[in-house]
Every structure is written in structure tokens, then in C-alpha cells.
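The values are calculated or read from the model by the stated rules, or taken from the named source; none is laboratory data. Remember, it's a predicted structure, so these values are computed and weren't measured experimentally. Heads up, the Cβs are rebuilt from the backbone with ideal geometry, glycines too, and the neighbour counts pull from every protein chain shown. All accessible areas refer to the heavy atoms of the entire protein, side chains included, with ligands and DNA or RNA removed. Shrake-Rupley method; radii C 1.70, N 1.55, O 1.52, S 1.80 Å.
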Amino acid sequence: MARPRKPLLSRDRIVEAAGVLVDAEGLAAVSTRRLAAELGVSGPSLYNHFRNKDEILDAVADAVSAQVDLSMFEEADPRDWPAALHDWAVSYRAALAAHPHIVPVLAQGPGRRPAGLRVADAVFGAMVRAGWPPAQATYIGALMRYFITGSALGSFARGFVDDETAYDPADYPHLGQAHLLADRRQQVDEGAFETGLRALLDGLTLQYEQTVTGRTVRPAPNGA
């Protein structure tokens, strides 16, 4: 009886296996030897598809970038540029939150990665189309990447231990509830992201009104 054939090795299979390994154990767990073992092939066979480990990690990062929704930047989409940036940022952060170990690779920028470059192209194109000068559109793309990837690099709430005795009121009079943060990690981190995103977009909208539409926004009298 013929033995079942193993699936042919392909770039997609390598990237999928590497992505699973990164998600489970982090970047340090990835090596060509480990991947070959996971795929049931010889190590040198990987080099028919990738030159080295860095190329594999680049491909894993690009697979995550490909999960980001870009539909809001299509010319036919009715959303204005602040709403488009908001919805894209939420989608981008969700993709990173699902694969936090690959964020350091993504934070380095798109390089030559196709999906990453499509993200950059979509954001820049939409901002220029909205009326932003090209230089400002570039700054906005950079700013959004800093904010989104930074938010995904770590959890503020997880940085606090769940031991109430660690926060002696004599030393930390305002941290009496800090031990509860770890259990509320998702609520705190998502709330912080949304608060920061709204503040960022409000600031960009004000700048847009002043520099693009030509409106002068005057502060209310008496600080009201």
C-alpha cells in the first residue's frame, strides 16, 4: 500500500509554521533547524524558499500586515479621513494584538514587504487625496505607526502585580487599586488606546482646519 505523500514544501507552509512558532514561543524560538523539524523536512530545503531566518520573519510580519483592513482608504468608501484613520488604526492594533511577538519586526517599518508597503501606500494616498500636503501625509503615516505599534509592544495594565501588599499606601498613596489592573488588562489597554487615538485625531483635525482648509480656530474666551 502506497504511503501518503507529505504536502509539498512551499513559502506559505514555512510562513504558517513560523507564525505558529512565533505566536507560541516568541522570536527567539525560530530557527531554520527548528522549522525544518516542525515541517518534517531537511534544513537545507528551506533555503529553496528563503535565504535566512530574517527573511522568514519578514514574511511572517508581512502576513500579519495582510490581515489589516484597508477598505476605508478606497476612493469609493464614504468615510472621511479621520474616521478612516480611526477604523484602520483599530484594525491594525487588533492584528498586532493577536500576534504580539512579531510586533518588534513590524515596528522596524515595511522594508520590502509587499503587504506592509500596501498599508503605507493606502494611508499616504488617502491623506493626500483628503488635501494634506505630501510632507504632512508622510508625518501622519509615521505618527500613526509609532502610536499603534507602540501600543502593541506591551501592556500597561500587565505591568502591575496583582499583590495588594506591593502598593503600601505610605509609599504609593494613589495606587490603592493598582493590584486590580492585571485582571482588567483588556479593558484598560483598549480604553487607553481609544483615548489616545481620539486625542490624536482631534489634534490632527484641528491642524487640518488651520493649515489645509485655511480656517483659524480661536480659543474660547475665558478658557471656556
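Out of everything in segment 36-76 that is without any contact (Cβ under 8 Å) to a residue 24 or more places away in the chain and in contact with a Ser or Thr (Cβ under 8 Å, 6 or more places away or on another chain), what residue ends up being most open to solvent (accessible area, probe 1.4 Å)?
Tyr47
Against the conditions (1) buried (at least 16 other Cβ atoms within 10 Å of the Cβ); (2) among the charged types (D, E, K, R); (3) not in a loop (DSSP other than H, G, I, E, B), where does Arg79 fall short? Just the number, please.
Only one criterion is unmet by Arg79, namely (3).
Going by what's in this entry, would Ser155 be described as polar (S, T, N, Q), touching a helix residue (DSSP H, G or I) at 6+ places or on another chain (Cβ under 8 Å) and closer than 24 Å to Glu194 by Cβ?
Working: polar (S, T, N, Q): yes; touching a helix residue (DSSP H, G or I) at 6+ places or on another chain (Cβ under 8 Å): yes; closer than 24 Å to Glu194 by Cβ: yes.
So Ser155 fits the description; yes.
Just to be sure before I move on: is Ala24 assigned to a helix (DSSP H, G or I), open to solvent by 70 Å² or more (accessible area, probe 1.4 Å), modelled with pLDDT of 95 or more and of a type outside the set (Phe, Trp, Tyr) in the structure I sent? Break it down into steps so the answer makes sense when it comes.
Details: assigned to a helix (DSSP H, G or I): yes; open to solvent by 70 Å² or more (accessible area, probe 1.4 Å): yes; modelled with pLDDT of 95 or more: yes; of a type outside the set (Phe, Trp, Tyr): yes.
Taking the combined requirement at face value, the residue satisfies it.
Report whether or not Gly191 is free of Cβ contacts under 8 Å to residues at least 40 places away in the same chain, farther than 23 Å from Ala98 by Cβ and in a helix (DSSP H, G or I). Lay out the reasoning, then the answer.
Values: free of Cβ contacts under 8 Å to residues at least 40 places away in the same chain: yes; farther than 23 Å from Ala98 by Cβ: no; in a helix (DSSP H, G or I): yes.
So Gly191 does not fit the description; no.
Among the candidates Ala107, Ala95, Ala122, single out the residue that is surrounded by 13 or more Cβ atoms within 10 Å (Cβ to Cβ), of a type in the set (Gly, Ala, Ser), over 20 Å from Glu55 (Cα atoms) and under 9 Å from the mean Cα position of the chain (by Cα).
Of Ala107, Ala95, Ala122, the one residue that is surrounded by 13 or more Cβ atoms within 10 Å (Cβ to Cβ), of a type in the set (Gly, Ala, Ser), over 20 Å from Glu55 (Cα atoms) and under 9 Å from the mean Cα position of the chain (by Cα) is Ala95.
Can we say Val128 is surrounded by fewer than 19 Cβ atoms within 10 Å (Cβ to Cβ), part of a helix (DSSP H, G or I) and on the phi < 0 side of the Ramachandran plot? Step through it out loud before you land on a result.
Numbers: surrounded by fewer than 19 Cβ atoms within 10 Å (Cβ to Cβ): yes; part of a helix (DSSP H, G or I): yes; on the phi < 0 side of the Ramachandran plot: yes.
Criteria met by Val128.
Test Ala18 against the stated conditions and say whether it is open to solvent by less than 60 Å² (accessible area, probe 1.4 Å) and assigned to a helix (DSSP H, G or I).
Numbers: open to solvent by less than 60 Å² (accessible area, probe 1.4 Å): yes; assigned to a helix (DSSP H, G or I): yes.
Yes.
In this structure, is Ser45 among the small types (Gly, Ala, Ser) and closer than 23 Å to Tyr139 by Cα?
Numbers: among the small types (Gly, Ala, Ser): yes; closer than 23 Å to Tyr139 by Cα: no.
Considered against the rule, which asks whether it is among the small types (Gly, Ala, Ser) and closer than 23 Å to Tyr139 by Cα, Ser45 comes out as no.
List the residue pairs whose Cβ atoms are under 8 Å apart, where the first residue sits in segment 134-150 and is in contact (Cβ under 8 Å) with a residue 40 or more places away in the chain, the second is basic (Lys, Arg) and assigned to a helix (DSSP H, G or I), and the two are 6 or more positions apart or on different chains.
The qualifying pairs are Ile148/Arg93.
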